[in-house]
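Visitor: Before we start, here is the structure in question, set down as structure tokens.
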Amino acid sequence: MEPPLAAGHSQHEFPHFDGSSEIVPECARGVLAKTLYGGSLMRMVTRIFPLAAFVVGLGVTRLSAQQPGNGAFQWYIGGQGGVLSFKTSAQDRKEIPMGGGHVLITARRTGLLLSVEEAFGSDEVSVYTDGVGATQVVTFNDIRKYSAALLAFPLNIPIQPFVGVGLGIMHTVNPQGSIPGSTAPSELGSTGYGTFVGGVQFKISRFMGFGQYQITTSPSIQESSGFGADHGSGRLLEGPTHTLSAGLRIGLGGSRERPTSGGY
């Protein structure tokens, strides 16, 4: 006859090994309970969650910025700033700051860019020859440009390139000559030009950011009205101008009510 089982024991009890009931030693628990900053584990978690949310937010912003370029048949308005490089008949090439605004009207892969820009100089000097053969000195501060260009957007990718050609008018603002009342400085300080534009654009939330380069053709020799000393011959600006600029534009909505298939 089998002896009775001791109290607290079961007939189906599995074998076990005697040893410490501590799964994690106290020294390890101390490490887990403390962070590098000397705080608790819960404090570390509460610090990680806001950081993770910030990183996720950056990722969402980056994805939105990687969407393709401008939409088809849209109006955009914006502003830009940069540097204009120019040369006059009396001084070497010089770089001055410039700013301006523009309107862009897009089709599917093309667009019309209308812009006005002003470069801010100070006591710039140029010369021309009057009707009696004397050299007259002209001073001015600013240079203003009005441009219209047809653009092409060959690739619909996140960083979208564009190129274009166009025409424009450029003039020195309020030039002052050495002959009182002469209109020669104003007439010789205004010229038409052809232009080439190239750059890239990309989405930034609701905006389109862009950077571009523009070059204009060289002004030709001009003749002003008047006779004798009031007559002028020459050009106040010489050689091509170069502009590097960057800016933002925002969409104003569709440029037509019902887009149809076909067209460019």
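The values are calculated or read from the model by the stated rules, or taken from the named source; none is laboratory data. In this text the structure is predicted, and so the values were computed from the model without any measurement. A quick note on method: Cβ atoms are made from the backbone with ideal geometry, for glycine too, and the neighbour counts reach across all protein chains shown.
Visitor: Of all residues being among the aliphatic types (A, V, I, L, M) and closer than 21 Å to S245 by Cα in segment 87-101, which is farthest from the chain's Cα centre (by Cα)? Just the residue, please. Walk me through how you get there before you give the answer.
Guide: From segment 87-101, those among the aliphatic types (A, V, I, L, M) are 90, 96, 98; that's our starting set.
Next, only the ones that are closer than 21 Å to S245 by Cα stay: 96, 98.
Details: I96: 18, M98: 14 Å.
Residue satisfying both the conditions and the ranking: I96.
Visitor: Of the residues V173, V165, V197, which single one is touching a Lys or Arg at 6+ places or on another chain (Cβ under 6 Å), assigned by TED's automatic domain parsing to the domain that holds G78, closer than 20 Å to T243 by Cβ and not charged (D, E, K, R)?
Guide: Step by step, each of V173, V165, V197 is checked, and only V173 is touching a Lys or Arg at 6+ places or on another chain (Cβ under 6 Å), assigned by TED's automatic domain parsing to the domain that holds G78, closer than 20 Å to T243 by Cβ and not charged (D, E, K, R).
Visitor: Of I169, I157, which residue is of a type outside the set (G, A, S), surrounded by fewer than 20 Cβ atoms within 10 Å (Cβ to Cβ) and modelled with pLDDT of 95 or more?
Guide: Within the list I169, I157, the selection yields I169.
Visitor: Name the residues in segment 151-169 that are among the aliphatic types (A, V, I, L, M) and more than 19 Å from the chain's Cα centre (by Cα), would you?
Guide: Initially, segment 151-169 is screened for residues among the aliphatic types (A, V, I, L, M), giving 151-152, 155, 157, 159, 163, 165, 167, 169.
Result: V165, L167, I169.
Visitor: Can you find, within segment 55-104, the residue that is modelled with the lowest pLDDT among those that are in a strand (DSSP E or B) and among the aromatic types (F, W, Y)? Don't jump to the end; show me each part of the working.
Guide: At the first step, the residues of segment 55-104 found to be in a strand (DSSP E or B) are 74-88, 94-104.
Pick out the ones that are also among the aromatic types (F, W, Y) and you get 75-76, 86.
Numbers: W75: 93, Y76: 96, F86: 98.
In this case the residue turns out to be W75.
Visitor: At least 2 residues that are under 26 Å from the mean Cα position of the chain (by Cα) and at pLDDT 95 or above in each: list the strands (runs of 3 or more DSSP E) lying fully within segment 181-264 that qualify.
Guide: 190-204, 207-216, 237-254
Visitor: Now for a separate question. Looking for something surrounded by fewer than 16 Cβ atoms within 10 Å (Cβ to Cβ), of a type in the set (V, I, T) and more than 30 Å from Q160 (Cα to Cα) - is there at least one such residue anywhere in segment 215-232?
Guide: Scanning segment 215-232 turns up at least one residue that is surrounded by fewer than 16 Cβ atoms within 10 Å (Cβ to Cβ), of a type in the set (V, I, T) and more than 30 Å from Q160 (Cα to Cα).
Visitor: Name the residues in segment 136-166 that are part of a strand (DSSP E or B) and farther than 23 Å from G121 by Cα, would you?
Guide: Once the filter is applied, which keeps residues that are part of a strand (DSSP E or B) and farther than 23 Å from G121 by Cα, segment 136-166 yields A148, A149, L150, L151, A152, Q160, P161, F162, V163, G164, V165, G166.
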